[in-house]
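Enquirer: Structure in structure tokens, see below.
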Amino acid sequence: MPDTAAELGDLVREHERRLYGFFRARVRDDSAADDLAQETWVEVLGHGDTFDPGLGSFWTFTRIWADFVLRRHWEGRRRERERVDRGPSGDEDHDFDAGDRPDVDLLAAEDAASLSRALRHVLACALSCPRPPNEIIAFGFTKLEWRPREITMNLSDSTLSHLALRLERDYAALVPDPEIAAAFEPLREKLEQTLADLLSDPRSKRAYAHVPDGPTGPIALEAYFAPDANPESTITRWWDTVKRAVFRQLREQGALDEAQSGVGRAESAGRKTDGANP
Amino acid sequence: MTSIEHPSEERLLSYADASLSEDEQRTVEEHIAECAECTQLARQSLRFEKLWGLSAREHGDVVRRAALEAALAAEEARAAPGLRERLSTWRSRWAGLAETAASIALESAQKGTQVVAEGLESLTRPGSAWQLAPATGGAIRGTGEGGESALLTTSLSTTSSRARLAVQGGDAPEVTVRIDGVPESVRPLVVLLSTDSAHQVRLTQAERPEGTSYLIARFEDLPVGTYVVAVEPLESGNGQ
């Protein structure tokens, strides 16, 4: 910890805006973010004797306490939700140790029903997103915890139709949600279409120029790999492309606002960006 | 990046998946501190990243937990007062988590019913010693006419309570939960929940057969389908 109050003040001033930004991104309103930043500084100052510059920067030390304060905040939100669930006649005085509960994080603070709906919606968006079926299937197998290497080694010579069936069957075996089957329908439809039907932008058409003509379903996965690229990297790129397409779709629907922030759907049209990506 | 130069959507997604460098993170967080528009996008990105990062197995855990919570709430609404209180405690105090739980699939097979049963650690309350897991690992499977059964059991201990789950296929499939070594006054509730479209629930209280030292909860005449069986947490005031 710094030797003088002045040095400490300098460190806090150096990081206070960033710390507020850290919380502002993670909680539902700005006043809560401000409160949590203040709580973090109290913890940091109160535990200053444990700060060792040899183990990490002052910011790293501050982040450890910020994570602690954030987890405490989410646990509080969950307790509050449970008190509301119990109603006025509930066991208000019941005391329990937060350590008895599972890990608390951004999603754990939500109730299982809303989380279940959100996950179903994300899956449905992914399976219907405007990308070719090979990319969507690659995403699906990563959801089943296949690594890109395992996909390329074990599934490359299988047709997309076969892989889609296997994906649906394996997903349904893990997720006992009767509505999941309907989410796979758009993927099944894509297997009967050609890439020319499915792709509209010239860049994607060029990327798949080497793929044989015809419906996508009967073509083996390996035929979609870029001829001059590592297949594992290609799987990762497909997964990432689907991810970004789904994110844009969910944002446009306002579906990511639901349980998190209550913030309205401010449109970001006309934003001047830092140009890191197109 | 200045205060009016917003990070791109791509960069905020990278911020959410923690793939930015330390300097880039700092720049983004300092920008968020001043920009309401990017705060909203960062919140969306972080929420999306969490949802996106869950595997199908974790998705299944969430679905089962939601189904069990809903089942407990539905049973609570129509239960008699004493039982209602226990169901309420189970649902709210433990967020629907059980002392022990398992998933069961009764499937049609050429020669009768195929059974697949697997312990559900994700539905088990923290601190429970009752992890239903087969000794050999993986799921228990059985197929056959006339009642071939699958059996799950906890690792045996001479000092602690233990639960066993027997799933019988055949012409009249049934699920039996046997609980050994609990005090005489304890009689936990046991829920059997269909996770198929109907989401039917059966609720019973484990009973001690006369002259025995164990508790039994039995669910008979089960149609082919998938189920979750869950035992009430022992600290919920279960009949003590």
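The values are calculated or read from the model by the stated rules, or taken from the named source; none is laboratory data. The model shown is predicted, which means the values in this text are computed figures rather than measured ones. Here the Cβ is made from the backbone with ideal geometry for all residues, glycine too, and neighbour counts use every protein chain on show. Accessible surface is based on the protein model in full, side chains and every heavy atom, while ligands, DNA and RNA are left aside. Shrake-Rupley method; radii C 1.70, N 1.55, O 1.52, S 1.80 Å.
A quick yes/no check of all residues on (1) under 27 Å from B:Thr89 (Cα atoms); (2) in contact with a Phe, Trp or Tyr (Cβ under 8 Å, 6 or more places away or on another chain):
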position	(1), (2)
B:Glu29	no, yes
B:Thr39	no, no
B:Glu49	no, no
B:Ser55	no, no
B:His59	yes, no
B:Arg64	yes, no
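Enquirer: Report whether or not A:Val27 is at pLDDT below 70 and either within 12 Å of another protein chain (Cβ to nearest Cβ) or in contact with a strand residue (DSSP E or B) (Cβ under 9 Å, 6 or more places away or on another chain) (or both).
Expert: Values: at pLDDT below 70: no; either within 12 Å of another protein chain (Cβ to nearest Cβ) or in contact with a strand residue (DSSP E or B) (Cβ under 9 Å, 6 or more places away or on another chain) (or both): yes.
No; evaluated as a whole, the condition is false for this residue.
Enquirer: One residue is enough: does segment B:31-48 have a residue meeting the conditions within 18 Å of A:Asp111 (Cβ to Cβ) and facing another protein chain (nearest Cβ under 7 Å)? Give the derivation first.
Expert: Start the filter on segment B:31-48 by keeping residues that are within 18 Å of A:Asp111 (Cβ to Cβ), which leaves B:47.
If we keep only those that are facing another protein chain (nearest Cβ under 7 Å) too, we end up with B:47.
Yes, there is a match, as at least one residue in segment B:31-48 is within 18 Å of A:Asp111 (Cβ to Cβ) and facing another protein chain (nearest Cβ under 7 Å).
Enquirer: While we're on this one: Check whether at least one residue in segment A:212-229 is β-branched (Val, Ile, Thr) and either open to solvent by 40 Å² or more (accessible area, probe 1.4 Å) or in a helix (DSSP H, G or I) (or both), and report yes or no. Before the answer, list the steps.
Expert: Of the residues in segment A:212-229, the ones β-branched (Val, Ile, Thr) are A:216, A:219.
Checking the rest, the ones that are also either open to solvent by 40 Å² or more (accessible area, probe 1.4 Å) or in a helix (DSSP H, G or I) (or both) come to none.
Among the residues of segment A:212-229, not one is β-branched (Val, Ile, Thr) and either open to solvent by 40 Å² or more (accessible area, probe 1.4 Å) or in a helix (DSSP H, G or I) (or both), which makes the answer no.
Condition check ((1) modelled with pLDDT under 85; (2) more than 14 Å from chain A (Cβ to nearest Cβ); (3) assigned to a loop (DSSP other than H, G, I, E, B)) across all residues:
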{"site": "B:Val177", "(1), (2), (3)": "no, yes, no"}
{"site": "B:Glu184", "(1), (2), (3)": "yes, yes, yes"}
{"site": "B:Arg187", "(1), (2), (3)": "no, yes, yes"}
{"site": "B:Val190", "(1), (2), (3)": "no, yes, no"}
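Enquirer: Determine whether B:Leu83 is facing chain A (nearest Cβ under 10 Å) and either farther than 27 Å from B:Val116 by Cα or in contact with a helix residue (DSSP H, G or I) (Cβ under 8 Å, 6 or more places away or on another chain) (or both). Lay out the reasoning, then the answer.
Expert: Numbers: facing chain A (nearest Cβ under 10 Å): no; either farther than 27 Å from B:Val116 by Cα or in contact with a helix residue (DSSP H, G or I) (Cβ under 8 Å, 6 or more places away or on another chain) (or both): yes.
In short, no.
Enquirer: Please go through segment A:222-252 and give me each residue that is more than 12 Å from chain B (Cβ to nearest Cβ) and of a type in the set (Phe, Trp, Tyr), ordered by number.
Expert: Within segment A:222-252, A:Tyr224, A:Phe225, A:Trp238 qualify.
Enquirer: In segment A:194-209, what residues are open to solvent by less than 70 Å² (accessible area, probe 1.4 Å) and of a type outside the set (D, E, K, R)?
Expert: If we filter segment A:194-209 for residues that are open to solvent by less than 70 Å² (accessible area, probe 1.4 Å), which is where we start, we get A:194-195, A:198-199, A:201, A:204, A:207-208.
Answer for segment A:194-209, where residues must be open to solvent by less than 70 Å² (accessible area, probe 1.4 Å) and of a type outside the set (D, E, K, R): A:Thr194, A:Leu195, A:Leu198, A:Leu199, A:Ser204, A:Ala207, A:Tyr208.
Enquirer: Now for a separate question. If B:Arg202 meets every condition in (1) in contact with a Leu (Cβ under 9 Å, 6 or more places away or on another chain); (2) surrounded by fewer than 18 Cβ atoms within 10 Å (Cβ to Cβ); (3) of a type in the set (D, E, K, R) apart from one, which number is that one?
Expert: Condition (2) is where B:Arg202 drops out.
Enquirer: Can I ask one more? Considering each of B:Leu72, B:Leu13 in turn, give the residue that is among the aliphatic types (A, V, I, L, M) and either within 20 Å of the chain's Cα centre (by Cα) or under 30 Å from B:Ala217 (Cα atoms) (or both). Full working, then the answer.
Expert: Details: B:Leu13 fails: either within 20 Å of the chain's Cα centre (by Cα) or under 30 Å from B:Ala217 (Cα atoms) (or both).
Within the list B:Leu72, B:Leu13, the selection yields B:Leu72.
Enquirer: Given A:Ala173, A:Ala181, A:Ala124, which one is within 14 Å of chain B (Cβ to nearest Cβ), out of contact with any Lys or Arg (no Cβ under 7 Å at 6 or more places or on another chain) and surrounded by 18 or more Cβ atoms within 10 Å (Cβ to Cβ)?
Expert: Details: A:Ala173 fails: surrounded by 18 or more Cβ atoms within 10 Å (Cβ to Cβ); A:Ala181 fails: surrounded by 18 or more Cβ atoms within 10 Å (Cβ to Cβ).
Answer to the check: A:Ala124.
Enquirer: Out of the residues in segment A:40-59 that are open to solvent by 70 Å² or more (accessible area, probe 1.4 Å) and in a helix (DSSP H, G or I), which is nearest to B:Leu13 (Cα to Cα)?
Expert: Top of the filtered list is A:Val42.
Enquirer: Taking only pairs six or more apart or across chains, which ones have beta-carbon atoms under 6 Å, a first residue in segment A:173-200 that is within 19 Å of A:Leu123 (Cα to Cα), and a second residue that is open to solvent by 80 Å² or more (accessible area, probe 1.4 Å)?
Expert: These pairs meet every condition: A:Leu174/B:Arg57; A:Pro178/B:Ser197.
Enquirer: Would you check if B:Ser19 is more than 8 Å from chain A (Cβ to nearest Cβ), surrounded by fewer than 21 Cβ atoms within 10 Å (Cβ to Cβ) and of a type in the set (Ser, Thr, Tyr)? It would help to see each step written out before you state the result.
Expert: Details: more than 8 Å from chain A (Cβ to nearest Cβ): yes; surrounded by fewer than 21 Cβ atoms within 10 Å (Cβ to Cβ): yes; of a type in the set (Ser, Thr, Tyr): yes.
It is true that B:Ser19 is more than 8 Å from chain A (Cβ to nearest Cβ), surrounded by fewer than 21 Cβ atoms within 10 Å (Cβ to Cβ) and of a type in the set (Ser, Thr, Tyr).
Enquirer: Considering every residue within segment B:90-110, establish whether at least one is open to solvent by 10 Å² or more (accessible area, probe 1.4 Å) and of a type in the set (Val, Ile, Thr).
Expert: no
Enquirer: What number of residues in segment A:26-39 are open to solvent by less than 10 Å² (accessible area, probe 1.4 Å) and touching a Phe, Trp or Tyr at 6+ places or on another chain (Cβ under 8 Å)? Walk me through it before giving the result.
Expert: Going through segment A:26-39, the residues open to solvent by less than 10 Å² (accessible area, probe 1.4 Å) turn out to be A:27, A:33, A:36-37.
Going one step further and asking which of them are touching a Phe, Trp or Tyr at 6+ places or on another chain (Cβ under 8 Å), we end up with A:33, A:36-37.
Selection size over segment A:26-39: 3.
Enquirer: Here's another thing I want to ask about it. Do we find that B:Glu5 is open to solvent by 20 Å² or more (accessible area, probe 1.4 Å), farther than 25 Å from A:Arg120 by Cα and in contact with a Phe, Trp or Tyr (Cβ under 9 Å, 6 or more places away or on another chain) in this structure? Walk me through it before giving the result.
Expert: Numbers: open to solvent by 20 Å² or more (accessible area, probe 1.4 Å): yes; farther than 25 Å from A:Arg120 by Cα: yes; in contact with a Phe, Trp or Tyr (Cβ under 9 Å, 6 or more places away or on another chain): no.
No.
Yes or no, residue by residue, for (1) small (Gly, Ala, Ser); (2) within 22 Å of the chain's Cα centre (by Cα); (3) closer than 15 Å to B:Arg26 by Cβ; (4) within 14 Å of chain B (Cβ to nearest Cβ):
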site	(1), (2), (3), (4)
A:Glu7	no, no, no, no
A:Arg13	no, no, yes, yes
A:Glu16	no, no, yes, yes
A:Ala33	yes, yes, no, yes
A:His47	no, no, no, no
A:Gly56	yes, no, yes, yes
A:Phe68	no, yes, no, no
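Enquirer: Do we have B:Glu58 as more than 21 Å from A:Arg248 (Cα to Cα) and more than 8 Å from every other protein chain (Cβ to nearest Cβ) here? It would help to see each step written out before you state the result.
Expert: Numbers: more than 21 Å from A:Arg248 (Cα to Cα): yes; more than 8 Å from every other protein chain (Cβ to nearest Cβ): yes.
The answer is yes for B:Glu58.
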